[in-house]
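A quick write-up on the structure given underneath.
The values are calculated or read from the model by the stated rules, or taken from the named source; none is laboratory data. Small disclaimer: the values here were computed from a predicted structure and weren't measured. Neighbour counts are summed over all protein chains in view; Cβ atoms, including those assigned to glycine, are modelled from backbone coordinates with ideal geometry. Remember, those area values only see protein heavy atoms, side chains included, never the ligands or the DNA or RNA. Shrake-Rupley method; radii C 1.70, N 1.55, O 1.52, S 1.80 Å.
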Amino acid sequence: MDLALDIGTWFLLLTGSFFLIITGLGLLRLPDLYTRIHAGGMADTLATLLIFVGLALQSGFSLVTVKLAFVVIFIFFTSPTASYALAQASFVAGLKPRLDGFGDSEDNKTSDDLGKGRD
Amino acid sequence: MSIFAVTAIAILVSAAMALGRAILGPTSYDRILAVNAIGTKTVLLIAVLGFMNGRPDFLDLALVYSLVNFVGTLAVLKYFKFGTLRGGLSGTRKRGN
Amino acid sequence: MRTASLFLVLLAVWLLLSGIYTPLLIGFGVVSCALVAFIARRMDVADREGHPIHLGPRIITYWFWLVVEIIKANVDVAKCVLMPKTYLRPSMFTTKATQKSDLGKVIYANSITLTPGTVTVDLDDDVVLVHALTTGSADGVKSGEMDRRVTELMREA
């Protein structure tokens, strides 16, 4: 039983670490601010969830498990709010997202069209 | 080497990459994003280190740090937007329809 | 009624976080929770928005559905980061939020942001401006599945 829990912890923590490394990579190599927000969101959601579930398997069922759950819930409530505030602030400040030059999909509107469509 | 040490190293490598974005970042919003990401990784690191040393009491620190990180990010964004931390958020939607 | 349930929730959080059960500390907890509940009542923040206890068990099922969506979206974004040439197709579009209350709109917008690959950039009345990383994640929002579920979640019981 303990062996199964240990294997589960190994698997979950390693997967979480993998997603963390990908998050760091995404922060470095994606081309503009808005795409980097998506990469940052990955560490806030799945990597956090995987690592904390992995730790919860080690702690057994006690108050520690409840505290782990509290941390995950707090992060899941606060992280989208922070991301939204960041995206909205940079959009209001006039930072235009790059929508072209990544391929040839034709339904990409430019951000100017979008501003007109909103009024 | 325990699995906790491996995870801690991965978290540190990821935080170093976010730090690189904070140094490179062309706009200040990139830097705020990087700081926010490093904050989340610090929460993870505190929790993993607590388990590595057999002291899960560290989780209280992780709990507080996650809340402080959120408030800090919002405070810096508000300061960038208005140039001051005083006053409420009323009358902020100048761009509205 | 809502003040009483707020007091009970606060007390449960206190008991779970403290872990030391002596009469003195539990007494402190009861007093401070009662104080917070009283102030919340005076400030009028313990209403349907501030303390949405009426969502009840429906929001739990919604959270489980949301976690599954988050896992799928994370795999998408991870593929995009590893192979940006193939998958990176950023787009920006507006969509409608069909929820009536402000709380429903906030739940919808935050769910969009919480799913990696889509970020709410602006929320104006009932128009949501979304930035999506790949075509797959853009289609996920455009299909309106999440919107339908949140509207159902917010419907009056």
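Worth a mention:
- Scanning region B:2-16 for residues that are open to solvent by 40 Å² or more (accessible area, probe 1.4 Å) and under 16 Å from A:ALA39 (Cβ atoms) yields B:VAL13, B:ALA16.
- For region C:113-147, filtered to residues that are without any contact (Cβ under 8 Å) to a residue 12 or more places away in the chain, part of a helix (DSSP H, G or I) and under 17 Å from the mean Cα position of the chain (by Cα), the residue that is farthest from C:ALA97 (Cα to Cα) is C:THR113.
- Residues of region C:84-104 that are free of Cβ contacts under 8 Å to residues at least 40 places away in the same chain and either closer than 16 Å to C:GLY140 by Cβ or crowded, with 20+ Cβ neighbours inside 10 Å (or both): C:THR94 alone.
- Any chance B:LEU44 is modelled with pLDDT of 90 or more, more than 9 Å from every other protein chain (Cβ to nearest Cβ) and either farther than 23 Å from A:PHE77 by Cα or under 13 Å from the mean Cα position of the chain (by Cα) (or both): no
- Residue list for region C:98-112, restricted to those being farther than 25 Å from A:ARG36 by Cα and either among the β-branched types (Val, Ile, Thr) or outside any helix (DSSP H, G or I) (or both): C:THR98, C:GLN99, C:LYS100, C:SER101
- Scanning region A:1-29 for residues that are under 19 Å from B:ALA47 (Cα atoms), open to solvent by 60 Å² or more (accessible area, probe 1.4 Å) and of a type outside the set (D, E, K, R) yields a count of 4.
- Looking across B:LEU49, B:LEU19, one residue alone is within 30 Å of A:LEU63 (Cα to Cα), open to solvent by 20 Å² or more (accessible area, probe 1.4 Å), part of a helix (DSSP H, G or I) and of a type outside the set (Val, Ile, Thr). It is B:LEU49.
- Residues in region B:22-43 that are surrounded by fewer than 16 Cβ atoms within 10 Å (Cβ to Cβ) and touching a Gly at 6+ places or on another chain (Cβ under 6 Å): 0 in all.
- Residue list for region A:39-72, restricted to those being in contact (Cβ under 8 Å) with a residue 24 or more places away in the chain, within 7 Å of chain B (Cβ to nearest Cβ) and not hydrophobic (A, V, I, L, M, F, W, C): A:GLY40, A:ASP44, A:THR48, A:GLN58
- Long-range neighbours under 6 Å by Cβ, at least six apart or interchain, first residue away from chain A (no Cβ under 14 Å) within region C:13-41, second open to solvent by less than 90 Å² (accessible area, probe 1.4 Å) and in a loop (DSSP other than H, G, I, E, B): C:ALA40/C:ALA46
- Qualifying residue in region B:71-89 (condition: at pLDDT below 90, within 8 Å of chain A (Cβ to nearest Cβ), open to solvent by 90 Å² or more (accessible area, probe 1.4 Å) and in a helix (DSSP H, G or I)): yes
- The single condition among (1) in a helix (DSSP H, G or I); (2) touching a residue at least 12 places away in the same chain (Cβ under 8 Å); (3) not hydrophobic (A, V, I, L, M, F, W, C) that A:ARG36 does not satisfy is (2).
- Contact map, region B:53-75: residues that are under 12 Å from B:THR42 (Cβ atoms) paired with residues that are in a loop (DSSP other than H, G, I, E, B) and open to solvent by 90 Å² or more (accessible area, probe 1.4 Å), Cβ distance under 8 Å, separation 6+ or inter-chain. No pairs are found.
- Residue check, C:VAL81 of a type in the set (Val, Ile, Thr), without any contact (Cβ under 8 Å) to a residue 24 or more places away in the chain and facing another protein chain (nearest Cβ under 8 Å): yes
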